[in-house]
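All remarks here apply to the structure that follows.
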Amino acid sequence: MRALVAHSQTDVRLDDDASLAPEGEVVLDVAYSSLNYKDALAVTSRGRIVRRFPTILGIDIAGTVVSCTTEEFKEGDQVVGIAHGLGESDGGGYAEQQRVRAETLVPLADGLDLDLAMAVGTAGVTAMLCVMALERNGLTPDGREVAVTGAAGGVGSIAVMLLARAGYRVVASTGRPEQEPYLRSLGASAIIHRDELSKKGGPLQSERWAGAVDTVGGDTLVNLVAQTAYEGSVASCGMAGGADIQTAVWPFILRNVSILGVSTNKPSKESRIAAWARLAKDLDLDKLRELRRIEPLSKIRELSEEILAGQTRGRVVIDVKS
Ligand SMILES: NC(=O)c1ccc[n+]([C@@H]2O[C@H](COP(=O)([O-])OP(=O)(O)OC[C@H]3O[C@@H](n4cnc5c(N)ncnc54)[C@H](OP(=O)(O)O)[C@@H]3O)[C@@H](O)[C@H]2O)c1
């Protein structure tokens, strides 16, 4: 079986005789995986993502059940897995077949197919969890602006789409002004350059945002928090621009502003199923088809370099059979 295997931190290659992962109740015929920022760090050996060797990479997986040793799934079921150790401590989705823990998998949500599920992937589920976190913290579409940073990327594009469809006024922050038509087609009502949000500013600035989805981190997150209106919140899920933040307590103690941490690493099966059901219902599937491209596994290295350089638009679905 062909798969992309990390034999060590620095030895990552396509093997034609790779083995299924040793642990898991479900054997899958894999149809698609996807490319996330984290995948690219693992493929290029630039991040310490993989926690045991050898491991097949790919943090997303979508396919059809070949066999299952528990009652949960049966042969022919279409299932999806994101994060949850895939491609890190467990075998991932960059393989023609894979053995996966039943706990990692959920049934494909009604309305999606395997390709569209991977167009969503970890990035899309993260965007959904960000929106759900903001809503739990009181965000409603009341005409005020909601910011999305890294908007032309995977998490950002899907966050823009979800928020715009739910009736929010979305301001998309991007470092690629040429992506304005694309971002408007996803529903953004205004575009700002990423430099506006990444320059050093004070810890308390004029109130602008009712809420925000931040995939960039660093000074961008600091500025978003400083500009968030009373009782607003910022869902922080990424670090495409930097991991460190330095701020002061003023937005928290004077404006009741919250930073909501969002991790897609190990949410419960119940919350994954809820997120997928909402994605299937709330996403414009025709637009989702437009914002994803399907690429062969054989191109994974150059695709990884592209995403790390901030050049990828929307989502990349990986066809593991080509
Ligand atoms: N918390 C979680 O569980 C979780 C899950 C998935 C992803 N993430 C994180 O979320 C982030 C986005 O992931 P993704 O898969 O959407 O990646 P992506 O497709 O590469 O999107 C990242 C976007 O960030 C912007 N960007 C890139 N470099 C930047 C820089 N130096 N400064 C400011 N902006 C920059 C670019 O958007 P523009 O060109 O529009 O500016 C880029 O398209 C990553 O940090 C990833 O690790 C976290």
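Observations on the model:
- Filtered residue count, the range 9-19, keeping only those that are over 25 Å from the mean Cα position of the chain (by Cα) and either over 13 Å from residue 92 (Cα atoms) or open to solvent by less than 70 Å² (accessible area, probe 1.4 Å) (or both): 5
- Residue satisfying condition, being in contact (Cβ under 8 Å) with a residue 60 or more places away in the chain and in a loop (DSSP other than H, G, I, E, B), within set 41, 112, 14, 4: 112
- Of all the listed residues (136, 176), the sole one being basic (Lys, Arg) and away from the ligand (no atom under 15 Å from the Cβ) is 136.
- Residue in the range 80-87 that is within 18 Å of residue 283 (Cα to Cα), within 16 Å of the ligand (Cβ to nearest atom) and assigned to a helix (DSSP H, G or I) present: no
- The lone criterion from (1) open to solvent by 40 Å² or more (accessible area, probe 1.4 Å); (2) out of contact with any Phe, Trp or Tyr (no Cβ under 9 Å at 6 or more places or on another chain); (3) over 19 Å from residue 313 (Cβ atoms) left unmet by residue 204 is number (2).
- When the residues of the range 225-271 are filtered to those that are within 12 Å of the ligand (Cβ to nearest atom) and outside any loop (DSSP other than H, G, I, E, B), the one that is least open to solvent (accessible area, probe 1.4 Å) is 235.
The values are calculated or read from the model by the stated rules, or taken from the named source; none is laboratory data. All values derive from a computational prediction rather than experimental measurement. Cβ: placed from backbone, ideal geometry, glycine included. Neighbour counts: every protein chain shown. Accessible surface areas use protein heavy atoms only, side chains included; no ligands, DNA or RNA. Shrake-Rupley method; radii C 1.70, N 1.55, O 1.52, S 1.80 Å.
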